[in-house]
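Trainee: Take a look at the following structure, please.
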Amino acid sequence: LSGIELLSGIPGTVGAAVVQSVAAYGQRISDVFRSARTLDLRTGRVGTIGIDHLQPSYRSSSLKEVDRYTPRLVLLEVVLSLARSAPLESIAYEDLRRHHLNMGRRMSDVTARRLSVLELRDQKGMIVGGPNWIPSAGSFFVGPMVPTSKALEVAMAIRGSEFASRFLSWYRPDERTTRLPAALAMRAAGFMNGDRWGTVGLSPNHIVAICAYSNAGG
């Protein structure tokens, strides 16, 4: 079953993935979301919501947009619609595509696509219990919208001309603006992999993951 294999290994729960409108490597949970059974914390009523109520957007949804940190609706059950035999799109993101092909795997093999994602996430220390894992709050930084020319300028400065020349082919901007990857924005702001502030810090393997080291507290 295809549709969320490229989301494999993201630390968290199904309900949180819907609330956060999780996306990775070109796949979005909102693309396969059909409905959810909910509990209203104010009234105690159980109901059902569909995609119209969810209103998914970049790393957000109507369930997340609340004045306080606790959403009114708790998701009890989520219904997703996955494809059994639909042709699979090519992997657009260069690092994942390169790793997948280097391992000699076919684009049409769903299990192999999932394995490649898990291997790449493990290298970044994002697989719970994996050899590179450090307890993490995950990757939730929001990439800013900037003029496309500025995105290219930052990509060139941080990753070099070869990366910049391929960058827009998989980041799919509109004619004038593009969403700069959060990792590039953080590097441009002076942060580096492994930066630490006492018992918390950025992952040495993945700059956009906030990690809790020993004795970290709330």
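Trainee: Taking the Cβ of SER35 as the center, what net charge do the other residues with Cβ under 12 Å away carry, scoring Lys and Arg +1 and Asp and Glu -1?
Mentor: 0
Trainee: Run the Debye formula on the Cα coordinates of the chain, all scatterers equal and no solvent, and tell me log10 I(q)/I(0) at q = 0.08 1/Å.
Mentor: -0.33
Trainee: Once amide H atoms are placed 1.01 Å from N in the peptide plane, what residues at a sequence separation of 5 or more from ALA212, or on another chain, have their amide H within under 5 Å of its amide H?
Mentor: Those qualifying (amide H under 5 Å, at least 5 residues apart or on another chain) are SER136, ALA137.
Trainee: For GLU119 and LEU41, calculate 0.36 nm times their separation in residues minus their Cα-Cα distance, and state this gained length in nm to one decimal.
Mentor: 24.2 nm
Trainee: Suppose each label sits 7 Å from its Cα in the direction of the beta carbon; what would the ASP195-VAL142 distance come out to in nanometres?
Mentor: 1.9
Trainee: Also, quick follow-up: By how many nm would the segment from ALA157 to SER108 lengthen if fully extended, with 0.36 nm per residue of separation less the alpha-carbon distance?
Mentor: 14.1 nm
Trainee: Okay, moving on. Excluding HIS100 itself, calculate the net charge of residues whose Cβ lies under 12 Å from the Cβ of HIS100, where each Lys or Arg counts +1 and each Asp or Glu counts -1.
Mentor: So the environment of HIS100 carries a net charge of +1.
Trainee: A follow-up question, please. Given the DSSP H assignment, sum -39500 (n - 2.57) over each helix run of at least 4 residues in the chain and divide by its residue total; what's the result at 222 nm in deg cm²/dmol, nearest 500?
Mentor: -8500 deg cm²/dmol
Trainee: If you don't mind, another one. Could you work out how much longer the chain between ASP31 and ARG97 gets when fully extended? Use 0.36 nm per residue separation minus the Cα distance between them, nm to one decimal.
Mentor: 21.7 nm
Trainee: If the only charges are +1 at each Lys and Arg Cβ and -1 at each Asp and Glu Cβ, what is the size of the charge dipole of the chain around the Cα centre, to the nearest 20 debye?
Mentor: Rounded to the nearest 20 debye, it is 140 debye.
Trainee: Let me ask something additional. Given axes a ≥ b ≥ c from the Cα gyration tensor, I'd like to know whether the range 91-184 is rounded (a/c under 1.5), prolate (a/b larger than b/c) or oblate.
Mentor: oblate
Trainee: Given GLY12, VAL146, THR43, which one lies farthest toward the positive end of the charge dipole of the chain, if we put +1 on the Cβ of every Lys and Arg and -1 on the Cβ of every Asp and Glu?
Mentor: THR43
Trainee: Right, another one. Efficiency by 1/(1 + (r/R0)^6): what FRET value for ALA86 and LEU168, r their Cβ-Cβ distance, R0 = 25 Å, to the nearest 0.05?
Mentor: 0.40
Every number in this text was worked out from the coordinates using simple rules, so none of it is lab data. Small disclaimer: the values here were computed from a predicted structure and weren't measured. As a convention, Cβ positions derive from the backbone with ideal geometry for all residues, glycine included, and neighbour counts pool all protein chains shown.
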